[in-house]
Amino acid sequence: MAEAHPVGFQWVMEAKRRGAKVFHVDPRFTRTSAVADSYLPIRAGTDIALLGGVVHYILDNELDFREYVVAYTNAATIVTEEYADTEDMHGLFSGFNDDNATYDQASWRYEGHPQDQTTRDSETQRETAAGLENESHGAPVGGETERDETLQHPRCVYQILKRHFARYTPEMVERVCGIPQEKFLELAHAWTENSGRDRTGMLVYSVGWTQHSVGVQYIRTGAIIQLLLGNVGRPGGGVMALRGHASIQGSTDIPTLFNLLPGYLPMPHHAEHPTLDKWVDSIAHPGQKGFWGNARTYGVNLLKAYWGDAATADNDYCYGYMPRMTGDHGTYQQVLDMIDGKIKGYFLLGQNPAVGSAHGRAQRLGMANLDWLVVRDLFMIESATFWQNAPEIETGEIVPERCRTEVFFLPAASHVEKEGTFTQTQRLLQWREKAVEPPGDARSELWFFYHLGRVIRERLATSTKPRDRALLDLTWDYPTHGPHAEPSAESVLREINGYDVATGRPLASFTEMKDDGSTVGGCWIYTGVYADGVNQAARRKPGSEQSLVAPEWGWAWPANRRILYNRASADPDGNPWSERKRYIWWDADKSEWTGYDVPDFEKTKPPSYRPAHDASGVAGIAGDDPFILQGDGKGWLYAPTGVLDGPMPTHYEPVESPVRNPLYRQQANPTRKVYTHPINTLNPSPPQEHSDVFPYVFTVSRLTEHHTAGAMSRNVSPLAELQPEMFVEVSPELAALRGLSHLGWAHLVTSRAAVEAKVLVTDRVTPLRVDGRIIHQVWLPYHFGFEGLVTGDSANDLFGITLDPNVLIQESKVGTCDVRPGRRPRGQDLVDLVVDYRRRSGNLVHRYPPMVTTDVADSSSDQEA
Amino acid sequence: MGVRSWFEGWPVYRQLTGTDPLGRGAAAKSDGSRALTARTDTADSMARSVCPYCAVGCGQRVFVKDGQVSQIEGDPDSPISRGRLCPKGSASKSLVTSPLRQTTVRYRRPYGTEWENLDLDTALNMIADRVLAARDETWEDVDAEGRPLNRTLGISSLGGATLDNEENYLIKKLFTAMGALQIENQARI
Ligand code: SF4
């Protein structure tokens, strides 16, 4: 955090000054480790084993915050007897289907619940990254549950959790992660000790967690700990995601993503969502409890925002105009389709996949096989010049005279040359004022897409083709100003916020939205950002003149709430858990919720409220159920549906690992998304043969001085000067083993690529003892490429493509490699080297690691239960 | 120079007699630095902005002189950053004024070996042509069972995490109306 989010880290230091203990877990010792109370080096890709160890420690010693756990989580809920655990199935859960490597989630459901008919099957959910829809709400589940509040029932979630994590002992943590038991126990002790009525503990993670084939489950494990310890919805608690781009949260909320529409509404699927009603029902689940019951309203408001007057109740608000998904249309599928010649044109908008995405060679070869490419950026990036300067020119894989891709480079306006909002990592929208005009031909994306849309609509003005109606009926009348006819960003923000059609009055809250077409709103979770016709995101009341919550700085979704689920900061009766951690509470005199933040609860629903038996939607949520976007109002220790790789996290090895999974026979995530394509070769891992050809673990991350794929830092002289060269950090032990010298060169080889780097021999990376043997890890920054003031090989070239099944994010934080002294070969020799490694690892003809390995009995700890 | 002003020119004297006994501020100032004015004082205008790098969202103040960015500083009012910026945020002025920034449209024709220049309006129209052509060539009305698809899989897009919400909103709206499903950004990566 000190390296990649330095200014955010000041708050960790403030907390430390006030007595907080800081633990840092990282494969590499960093500036964060230097000021932490304790640093735990970890084998990359084993976080679930570590955190599972903490869950085990909590449950084994009954250190959970029992009142919170019973009242606010699903610990007491009883699960059907069809459920079978990884304990009994060598690392698989019940319901696994070998044919398509997915789970039928039916056996995971709560006792007495019917299998939900509107839930898409698991394969469709994986292909469409359905897990992302849950960023704003829980997966569907009925509200009536059978509970045992003594937590003794053998099939209550508490007992299931206990059994599931039984083998995650301190010894096992040491064996899997390479973390000494004393270090682990110090962490587990401090975490539990600093949680409860009077204290809260916070868990902070970065993208290092999401870029794994089990990334979602990493975060789930963190959430389970925080729920067990009562650290959710309370000040100083939570699971804090440190995201890496200025508005990456915004681009998820208002998604430039294939499977989502604004506000986490799913993009329609051809088979599941043929009509508006089916689409809405699949989101709202009629009869289900919680706020998501209003899905029809949110959907209709979006359609009205898109198609205005043309969208009427009679034509289902133009729902029929929507394009339909048939499966996985994600960025990696697209790249493979580019290589296969299926895609004609590609827009790159402030993104540089030639450096920033996994398997750089696949990215570049894909771009070299398009009809046309539009690159909009501040700088001439690698993804614009691949036809000229890519490493594949040297190897002869791209020949400019034979590369047909037509490339348009359009200069973009910088953040000071346009106005608009970024949404930062805590869901806070901050408006930026424009300082100057963009230089020359540089323009904002707002300008480019507004005018592209205008030109396209003009071209089609006389078209009678049905397919063009969606473009012609689109509301596209934003006012423009200035010499370049720049569209008004505020007018777009107003549409996002929503307004009353008849009066034009901006809506103050999504609760004012109607499902009859009388209101319009482009992104329901952002409603309120333009309340009273005032740009709330532009508020700049100085922090020093406000409370700690600073509610008048910018605007946070939803409803300017700064801590989600903050009803949980009060006990079931509505009183603060303690004076020290007072945040939101029930004011009995005024009969309303009050406190320092906007209550995340219906303002006047008393703690004693109990829903009628058949109540649905918001009315179905009890006065002591803080998790109002979950069907049962509870925080989920156990996910009865919606998480495709299991109701609880399980340690699986990374897809490329030198180690046989010490916990189960099942080696890697059995439901991971795999692409079998000639370009996507994977290194073998146990129980496959020849994993010893790639004996070392490598991981990548950021430098303080560079930014992602480097466009915004390798072209900026002070930053380029501070970190001028690609390097690899290796331990003194590995340096001795492989004959590497400090400041000399080394190259790393995988079955995709070889990249070279200057050697930094340092104790910051340390060999770990894992399952009785020494595992060496190396670390690289991933910012370098072949353009800019400072250049170097791209670390992401080393990775293959395997994705998490829930969200289709690639595993690009851990892989295996060989490490060799000296520079890498060039030209054909480079190709030959990689081919030779593939030959030696038995991978000349593609062999993919088996999805299921439970029949290979060489995982020593995996005893029969 | 009188004796008094000679004395006052001596930092130790100022340190002992003035308001700066530790000699870390006014007392240590030389005539040279006294004559300097901060760029932030002489700016024509100041815009309230946000750092464009990571998602912490540190506040920035962008100072402008004669139509050019003259300084970018941390915004002390921000409850998130309290005026601080990290090395990247501090380099924002170098970012927006970098001589390496491209300010003209560049065009590489198929099989070309060099960049060429192109007028922005021409480029916009050429791109519109290509989008419409790709869409027509790859349009899918219905699936094998006659269910609507309304889409093209011939067009891709990647990017958004560095852009404004308003921009992402228009991109998603336009692409959806065009039937172009395949848009992605860093959140997938
Ligand atoms: S100044 Fe640094 S920490 Fe703050 S937003 Fe910018 S990059 Fe992030």
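The values are calculated or read from the model by the stated rules, or taken from the named source; none is laboratory data. It should be emphasised that the depicted structure is a prediction, and the values quoted were computed from it without experimental measurement. Every residue, glycine as well, gets a Cβ built from its backbone with ideal geometry; the counts of neighbours run over all protein chains shown. These accessible areas exclude ligands, DNA and RNA; they are computed on the full protein's heavy atoms, side chains included. Shrake-Rupley method; radii C 1.70, N 1.55, O 1.52, S 1.80 Å.
Just the residues that are surrounded by fewer than 11 Cβ atoms within 10 Å (Cβ to Cβ) and modelled with pLDDT of 95 or more, please, taken from region B:20-66.
Scanning region B:20-66 gives a single hit, B:ASP66.
Only one residue in A:VAL755, A:VAL778 is under 21 Å from A:PRO686 (Cβ atoms), not acidic (Asp, Glu) and not in a loop (DSSP other than H, G, I, E, B). Which one?
Numbers: A:VAL755 fails: under 21 Å from A:PRO686 (Cβ atoms).
Going through A:VAL755, A:VAL778 in turn, the sole match is A:VAL778.
Which members of region B:62-74 meet the condition of being away from the ligand (no atom under 16 Å from the Cβ) and small (Gly, Ala, Ser)?
The answer is B:GLY67, B:SER70.
Please verify whether region A:170-179 includes one or more residues that are open to solvent by 20 Å² or more (accessible area, probe 1.4 Å), modelled with pLDDT of 95 or more and not in a helix (DSSP H, G or I).
no
Looking at region A:682-702, which of its residues are out of contact with any Asp or Glu (no Cβ under 7 Å at 6 or more places or on another chain), within 14 Å of chain B (Cβ to nearest Cβ) and not β-branched (Val, Ile, Thr)?
Correct list: A:SER701 only.
Kindly establish whether B:ASP119 is buried (at least 19 other Cβ atoms within 10 Å of the Cβ) and at the interface with chain A (Cβ under 9 Å from one of its Cβ atoms).
Numbers: buried (at least 19 other Cβ atoms within 10 Å of the Cβ): no; at the interface with chain A (Cβ under 9 Å from one of its Cβ atoms): yes.
It is false that B:ASP119 is buried (at least 19 other Cβ atoms within 10 Å of the Cβ) and at the interface with chain A (Cβ under 9 Å from one of its Cβ atoms).
Considering A:ALA461, A:ALA442, A:ALA470, A:ALA435, which residue is surrounded by fewer than 22 Cβ atoms within 10 Å (Cβ to Cβ) and at the interface with chain B (Cβ under 7 Å from one of its Cβ atoms)? First the steps, then the outcome.
Numbers: A:ALA461 fails: at the interface with chain B (Cβ under 7 Å from one of its Cβ atoms); A:ALA442 fails: surrounded by fewer than 22 Cβ atoms within 10 Å (Cβ to Cβ); A:ALA435 fails: surrounded by fewer than 22 Cβ atoms within 10 Å (Cβ to Cβ).
It is A:ALA470.
Might you let me know whether region B:75-91 holds any residue that is of a type in the set (S, T, N, Q), within 16 Å of the ligand (Cβ to nearest atom) and at the interface with chain A (Cβ under 7 Å from one of its Cβ atoms)?
Within region B:75-91, the first condition is being of a type in the set (S, T, N, Q), and the residues that meet it are B:78, B:81, B:90.
This time we only want the ones that are within 16 Å of the ligand (Cβ to nearest atom), so: B:78, B:81, B:90.
Still in the running and at the interface with chain A (Cβ under 7 Å from one of its Cβ atoms): B:78, B:81.
Checking region B:75-91: at least one residue is of a type in the set (S, T, N, Q), within 16 Å of the ligand (Cβ to nearest atom) and at the interface with chain A (Cβ under 7 Å from one of its Cβ atoms).
Would you tally the residues in region B:133-189 being within 7 Å of another protein chain (Cβ to nearest Cβ), over 28 Å from A:ARG432 (Cα atoms) and in a loop (DSSP other than H, G, I, E, B)?
The qualifying residues number 3.
Since B:TYR111 meets every condition but one in (1) touching a strand residue (DSSP E or B) at 6+ places or on another chain (Cβ under 6 Å); (2) open to solvent by 20 Å² or more (accessible area, probe 1.4 Å), which condition does it not meet?
Looking at each condition in turn, B:TYR111 falls short on (1).
Restricting attention to region A:712-747, and to residues there that are among the charged types (D, E, K, R), under 30 Å from B:GLN102 (Cα atoms) and surrounded by fewer than 21 Cβ atoms within 10 Å (Cβ to Cβ), which single residue is nearest to the chain's Cα centre (by Cα)?
Per the stated criteria, the residue is A:GLU725.
Which residues, counting only those in region A:228-266, are under 23 Å from A:TRP585 (Cα atoms) and of a type in the set (D, E, K, R)?
A:ARG234, the sole residue that qualifies.
I need every pair where a residue in region A:229-249 that is over 17 Å from A:LEU548 (Cβ atoms) and open to solvent by less than 10 Å² (accessible area, probe 1.4 Å) has its Cβ under 7 Å from the Cβ of a residue that is of a type in the set (Phe, Trp, Tyr) and within 11 Å of the ligand (Cβ to nearest atom), sequence separation at least 6 or different chains.
Final answer for the pair search is A:ALA246/A:PHE422; A:ALA246/B:TYR53; A:SER247/A:PHE422.
Do the conditions hold for A:LEU844, that is, is it in a loop (DSSP other than H, G, I, E, B), on the phi > 0 side of the Ramachandran plot and of a type in the set (A, V, I, L, M)?
Numbers: in a loop (DSSP other than H, G, I, E, B): yes; on the phi > 0 side of the Ramachandran plot: no; of a type in the set (A, V, I, L, M): yes.
When the stated conditions are applied, A:LEU844 does not pass them.
Regarding region B:96-114, can at least one residue be identified that is within 16 Å of the ligand (Cβ to nearest atom) and either modelled with pLDDT of 95 or more or out of contact with any Phe, Trp or Tyr (no Cβ under 6 Å at 6 or more places or on another chain) (or both)? Spell out the reasoning first.
Keep residues of region B:96-114 that are within 16 Å of the ligand (Cβ to nearest atom), which gives B:96.
Next cut, either modelled with pLDDT of 95 or more or out of contact with any Phe, Trp or Tyr (no Cβ under 6 Å at 6 or more places or on another chain) (or both) only: B:96.
Checking region B:96-114: at least one residue is within 16 Å of the ligand (Cβ to nearest atom) and either modelled with pLDDT of 95 or more or out of contact with any Phe, Trp or Tyr (no Cβ under 6 Å at 6 or more places or on another chain) (or both).
Which of the numbered conditions does A:ILE160 fail, given that it passes all the others? Conditions: (1) modelled with pLDDT of 95 or more; (2) surrounded by fewer than 18 Cβ atoms within 10 Å (Cβ to Cβ); (3) not aromatic (Phe, Trp, Tyr).
(2)
Tally time: how many residues in region A:473-516 are open to solvent by 30 Å² or more (accessible area, probe 1.4 Å), in contact with a Cys (Cβ under 8 Å, 6 or more places away or on another chain) and outside any loop (DSSP other than H, G, I, E, B)?
Summing the residues that are open to solvent by 30 Å² or more (accessible area, probe 1.4 Å), in contact with a Cys (Cβ under 8 Å, 6 or more places away or on another chain) and outside any loop (DSSP other than H, G, I, E, B) in region A:473-516 gives 0.
For region A:1-82, which fully contained helices (runs of 4 or more DSSP H) count at least 3 residues that are within 16 Å of the ligand (Cβ to nearest atom) and open to solvent by 20 Å² or more (accessible area, probe 1.4 Å)? Walk me through how you get there before you give the answer.
Numbers: elements: A:10-17, A:31-35, A:47-60, A:66-72.
In region A:1-82, A:10-17 are the helices (runs of 4 or more DSSP H) which contain 3 or more residues that are within 16 Å of the ligand (Cβ to nearest atom) and open to solvent by 20 Å² or more (accessible area, probe 1.4 Å).
In this structure, is A:PRO487 free of Cβ contacts under 8 Å to residues at least 40 places away in the same chain, in contact with a Ser or Thr (Cβ under 8 Å, 6 or more places away or on another chain) and within 30 Å of A:GLU437 (Cβ to Cβ)?
no
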